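Have a look at the structure below, then the notes.
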Amino acid sequence: MSEQRMATTVRDCPGRLVPVGDAVTIPAHNFVTITQALGGNYTVVYQGNMIRVDGTDADALGLEKYELTFDDAGNGEISSEQVWQALETVYDPEIPVNLKSLGLIYAVDIGQDSGKVNIKMTLTAPGCGMGPVLVGDVKYRVALVPNVKAVNVELVFYPPWNRDMMSEEAQLETGLFF
């Protein structure tokens, strides 16, 4: 979603203050401005603060919950393509670009025998308070892929992230391509 729209909370709505990541609650029956709706999660502005609302709480905003599902090929294996599709549904709450296109995913290792997916990722800034939230999103979304039994996410800061790691499309989207 690229345009802003107003919504009213229909119940108390949990969220995370952006960019620090502190837990907050928007009380029921309050107006918010939805500034980003991508990957099933929402970034809203409430009383001048930017708050990230998890898609599992979309109903608190009067919206339908986003359900991420994958078909099981029936061969007992983890699909690399589906793991990457899951990663493409995790968006930075401030930048309307998914983590893969931002270049934040450094490595994905799939252990077919163990059913474990190991992911190395970084953040746009080492002190980002939303880091634990994004790591949680990655774990949750990748765990939805059929035959995944465990997801391990290692947050690394070497090499340091820079805008050149972004896809050309992401650079164009954010105005950083020139």
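The values are calculated or read from the model by the stated rules, or taken from the named source; none is laboratory data. Just so it is clear, the model here is predicted, and its values are computed rather than measured. Neighbour counts are summed over all protein chains in view; Cβ atoms, including those assigned to glycine, are modelled from backbone coordinates with ideal geometry. Only protein heavy atoms, including side chains, enter the accessible area calculation; ligands, DNA and RNA are left aside. Shrake-Rupley method; radii C 1.70, N 1.55, O 1.52, S 1.80 Å.
What ³J(HN,Hα) values, in whole Hz, does the Karplus curve 6.51 cos²θ - 1.76 cosθ + 1.60 give for the stretch 109-126 when θ = phi - 60°, with x put for Gly and Pro?
10, 9, x, 4, 5, 8, x, 9, 10, 9, 10, 9, 9, 10, 10, 5, 9, x
Can you give the accessible area per residue of the chain, in Å², using a 1.4 Å probe? Write out the running numbers ahead of the final one.
Details: 9370 Å² over 178 residues.
Accessible area per residue, the chain: 53 Å².
Under a straight-distance cross-link criterion of Cα-Cα below 18 Å, which lysines are reachable from K116, leaving out those fewer than 8 residues away in the same chain?
Cross-link targets: K139, K149.
When the dipole is taken about the Cα centre of the stretch 1-160, and only Lys, Arg (+1) and Asp, Glu (-1) are charged at their Cβ, what size is it in debye, to the nearest 20?
My answer is approximately 340 debye.
About the Cα centre of the stretch 105-158, what is the dipole size in debye to 20, counting +1 per Lys and Arg Cβ and -1 per Asp and Glu Cβ, all else neutral? Can you show the working numbers first?
On the way: 5 positive and 4 negative charges, 19 e Å.
Here the stretch 105-158 has a charge dipole of around 100 debye.
Only Lys, Arg, Asp and Glu count, each charged at its Cβ (+1, +1, -1, -1), so figure out the dipole size of the stretch 66-178 about its Cα centre, rounded to 20 debye. Don't jump to the answer; show the numbers that get you there.
Values: 7 positive and 16 negative charges, 81 e Å.
Dipole magnitude for the stretch 66-178 comes out near 400 debye.
Students often check this: by mean Cβ neighbours within 10 Å, which of 150-159, 16-25 ranks highest, and how do the rest follow? Please list the in-between numbers first.
Working: 150-159: 13.4, 16-25: 15.3.
Top to bottom by mean Cβ count within 10 Å: 16-25, 150-159.
Can you work out ³J(HN,Hα) from phi for every residue in the stretch 37-47, in order, using Karplus 6.51 cos²θ - 1.76 cosθ + 1.60 and θ = phi - 60°, giving whole Hz and x for Gly and Pro?
With coefficients 6.51, -1.76 and 1.60, one gets 9, 9, x, x, 9, 10, 10, 10, 10, 9, 6 Hz.
Please give the net charge around Q36, taking every other residue with its beta carbon less than 10 angstrom from that of Q36, where Lys and Arg add +1 and Asp and Glu add -1. Don't skip to the end; give the middle numbers.
Numbers: positive: R52; negative: D92, E94.
Within the 10 Å Cβ shell, the charges total -1.
When the helix-only estimate is applied to the chain (DSSP H runs of n ≥ 4, each -39,500 (n - 2.57), divided by the residue count), what is the mean residue ellipticity at 222 nm, nearest 500 deg cm²/dmol? Walk me through the intermediate numbers first.
Numbers: 4 runs with 32 residues, N = 178.
Mean residue ellipticity at 222 nm (helix-derived): -5000 deg cm²/dmol.
Given a cut-off of under 8 Å on Cα pairs at least six residues apart, what relative contact order in percent is computed for the stretch 1-141? Provide the component values of the computation, followed by the final result.
On the way: 251 pairs, mean separation 29.7, N = 141.
Computed value for the stretch 1-141: 21 percent relative contact order.
State whether the stretch 43-100 is rounded, prolate or oblate according to the following rule on the C-alpha gyration tensor (a ≥ b ≥ c being the square roots of its eigenvalues): a/c under 1.5 gives rounded; otherwise a/b larger than b/c gives prolate, and the remaining case gives oblate.
Working: a/c = 5.12, a/b = 1.96, b/c = 2.62.
Oblate.
Could you tell me which of Q85, G74, H29 has its Cα farthest along the dipole of the stretch 23-124 towards the positive end, charges placed at Cβ (Lys, Arg +1; Asp, Glu -1), taken about the Cα centre?
Checked the options; the winner is H29.
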